[in-house]
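We did not get these values from a lab; they are worked out from the coordinates using the rules stated. Computed from a predicted model, the values in this text were never measured in an experiment. Using ideal geometry, Cβ is built from the backbone for each residue, glycine included, and neighbour counts are taken over all protein chains shown.
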Amino acid sequence: MVRFTLRQLTYLTETARQGGIAQAARQLNVSAAAIASALDKLEAATGLTLFDRFPAQGMRLTRAGETFATQAEALLAQADALDRQAADLVSGGAGRIHIGTHHALAQRIVLPAVLAFRESHPGVRIEVKEADYPALVDSLDAGEVDALVVFDQGEDSRRHESEILLELPPLVLLSASHALAVKSRISLSELTGLPYVAVSPAGPGPSYLQLLQAAGVHPEVPFQSQSRELVQAYVGKGFGFTLAGFPPKQDRTIEGDTIVARPLKENIGHYRVVIARSRQVVQTGLIDRFLEMCRLSSSTSGTTGVQGSVIL
């Protein structure tokens, strides 16, 4: 148990600097009696004689007092830094944010939010964790992340509060040289018989290929890749088409071929992107401000956003 206070340490160090209680009292704008009482209690608590007292000549630290005062100065400096940090936390000038997300959403929503947030909050440390959905939910429940930006897979409303950020209907990605690339919208009937290039393993929830199959289109799948960049490269070479939630960042693949994104005429379903937060954790203003950046970046991600909140 700590047997002394920061106020007592302040009186000790100022008395040592000023060479006497009266001088320290004037500097600190407190009574000399208050300082004398505090020093007496400090010596009693520590069992140390901190000052040699010389009538009419002031006070001087003993050797033990010098060692103790040096440590007291360091402790007071740490306390001052902690006080400033607490003020920064209240104002949002410092702190730490942990966000869980998926790879595609990290690139499209979370990274732009991080870059924008750091401009206005340079003292805040932001950590982003990418993982599969079950691992992210475990991290949220364990308090390891503050919020998730994820593809919706049906959060537990008893534990989580979710807000819809985006609904992503599939876009058809094609080689720019494909005959369908000149169309503004593509129908399911026009995709019949065309090979499909799949991302494997599929992402969370039903894949776009499964949505396509449920709509009655069952394409051959000659190419699969875990890399979205390689999937787009296959498409760019004319090996087939694929479906994606986001338009490509660039219209050229890693092989230098041009690809285009076209919406489907029919509604075959969509992916939903949500912000998920734990009901068990008190949310801070700092997290709220970062998530607002996520909302803003989602509104400029090249897709149609859905405004408002929903409890899932």
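The table for this structure:
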quantity: Percentage relative contact order, the range 6-91, counting C-alpha pairs under 8 Å, at least six apart; calculated: 29
quantity: Size descriptor, Kirkwood hydrodynamic radius, that averages inverse alpha-carbon separations across the range 6-91, Å; calculated: 13.5
quantity: Relative contact order (percent, whole number), the chain, Cα cutoff 8 Å, 6+ residue spacing; calculated: 21
quantity: Charged-residue dipole, Cβ positions (Lys, Arg, Asp, Glu), the range 170-263 about Cα centre, Debye nearest 20; calculated: 200
quantity: Gaussian network model of the chain, springs between alpha carbon atoms under 10 Å - residue of ARG17, ARG252, ARG118 with greatest fluctuation; calculated: ARG17
quantity: Listed residue (TYR234, LEU171, SER120) projecting farthest to the positive dipole end of the range 116-256, Cβ model; calculated: TYR234
quantity: 29 Å Cα cut-off, lysine pairs counted over the chain (separation 8 or more, or different chains); calculated: 7
quantity: Förster radius 45 Å - calculated FRET efficiency between PHE239 and LEU296 (Cβ-Cβ, nearest 0.05); calculated: 0.75
quantity: Cα centre as origin, Lys/Arg/Asp/Glu Cβ charges: the chain dipole, Debye; calculated: 540
